[in-house]
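Taking it in order: structure first as structure tokens, then the write-up.
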Amino acid sequence: MPAWAPNDGSILYVLDFERRSQLIAGTVGSFGAATDAISLDFRAANPHWVGASLPGSLVASGGVPAGPASAQPLYAENERLQATGRYGMAPLNNVEAPQAYLSDRVNDSFEALRIRALEQIGYDFLGTLDDAFWPQGRPPDPGEPRQNWHYAGRAIAIDRDLVYAGPPAPIEVMREDLEINTYWRVFVRVVNDAQAGALGEPLRDLPWDFAARTSGSVEDYERGGRYKDLPPAGYYVDLTQLADDFGWERLPAQRTWQYNFGAIQFWELVKTGGLNWETAMLELYTPDELGGFLSAATQVPPPPPLPTESPTPAVHRTPTPLPPDQR
């Protein structure tokens, strides 16, 4: 997304890194990066370089107008501590899910995220979830960790099969390798009535094609898919970034994701609130209840009994009868 300087002597472009952007200027002919490159804490696009001066407050805020409106929080979490010293579960209003509940400490941020997603996508995408709360008797899917945030009421899962629907697919997934982990960025296609550009943005990167795992290519199977040849046409909303604004984070894929679909986890969003899993569980359960859950999860079934040999029946000999002449 380059933009020329007013004197046509330099070019400005946007460099994306994770969830942030950096504005970098380079000279024409002998390229060099400006020492005063502007780093933003969010994604930026389509820069314009003009000769007009900007207000100092606008520059200092990174392009966000200063004022009371920009300081308003996106949501307010109404937490209610019970008499037992623990928090309860809150129902999700008009959400379709097997267990439509979340911890009372995170449900309000989810509802606010759901409304914002509705505004930006054009329909209630988060009104239907593949999963929310897991009771303790619900085993994790193959490839998913036992210490799962669903048990703590702090995780949601969108429908993972949407990546195979279409065409066009309702969601597209981008692969991002950060250090030793693989992460996924989920983009949701906006409603058809807004595909002229009223909502969302076009995709600029190549999505990951999970369907290539079953294409018959050994290489595609071993690497868990491949990049698509072209970005799909249309307008999309970055659900991963939108969720991050409300404190909901993505999870890294498990180490076995290339050959275990359940370990990919692009469909998961969690809100840990800075807690570890055990501390979050103790907000819902007593230590004894948590200990019973963990011991049941790690219990090893006893080995089957060894086969025992049947005792050899005793041989009882009957006396041989004597002939009559020898009696």
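Every read-out reported here was derived from the displayed coordinates using simple, explicitly stated rules and does not represent laboratory data. This is a predicted model, so every value here is computed, not measured. All Cβ positions, even for glycine, are placed from backbone atoms using ideal geometry, and neighbour counts span all protein chains on display.
Classify the stretch 170-243 from the C-alpha gyration tensor, please: rounded if a/c falls under 1.5, else prolate or oblate depending on whether a/b exceeds b/c. Oblate is the answer for the stretch 170-243, as a/c is 1.5 or above yet b/c matches or exceeds a/b.
Are there GluC sites (Glu not before Pro) in the stretch 132-221 that DSSP puts in a loop and that have at most 12 other Cβ atoms within 10 Å, and which ones? List each step's numbers first, then the result.
Values: sites: Glu172, Glu176, Glu179, Glu219; in loops: Glu179.
When the GluC sites (Glu not before Pro) of the stretch 132-221 are filtered for loop state and at most 12 Cβ neighbours within 10 Å, Glu179 remain.
For a protection proxy built on the mean count of beta-carbon atoms within 10 angstrom, sort 93-101, 131-139, 119-127, 152-160 highest first, please. All intermediate terms of the calculation are to be shown ahead of the outcome.
Details: 93-101: 14.6, 131-139: 16.3, 119-127: 17.9, 152-160: 23.2.
Descending mean neighbour count gives 152-160, 119-127, 131-139, 93-101.
To make sure I understand, if each residue's beta carbon is the centre and we count other beta carbons within 10 Å, what order do Trp257, Trp248 fall in, fewest to most? Intermediate values should be presented prior to the final figure.
Details: Trp257 19, Trp248 22.
Going from least to most buried by this count: Trp257, Trp248.
Each peptide in 273-280, 1-8 was scored by the mean count of other Cβ atoms within 10 Å over its residues; highest first, the order is 273-280, 1-8. Here the stretch 89-295 is treated as a Stokes sphere of Kirkwood radius computed over C-alpha pairs; at 20 °C and 1.002 mPa s its diffusion coefficient rounds to 119 µm²/s.
Here the stretch 151-175 and the stretch 221-282 have alpha carbon centers that stand 9 Å from each other. The order of the peptides 193-204, 77-88 by mean Cβ neighbours within 10 Å, most packed first, is 193-204, 77-88.
In plain terms, the residue of Leu118, Leu23 with the fewest other Cβ atoms within 10 Å comes first and the most crowded comes last, giving Leu118, Leu23.
Working note: Cα gyration tensor of the stretch 132-208, eigenvalues times five, square-rooted, sorted largest first, giving semi-axes of 29, 17, 11 Å.
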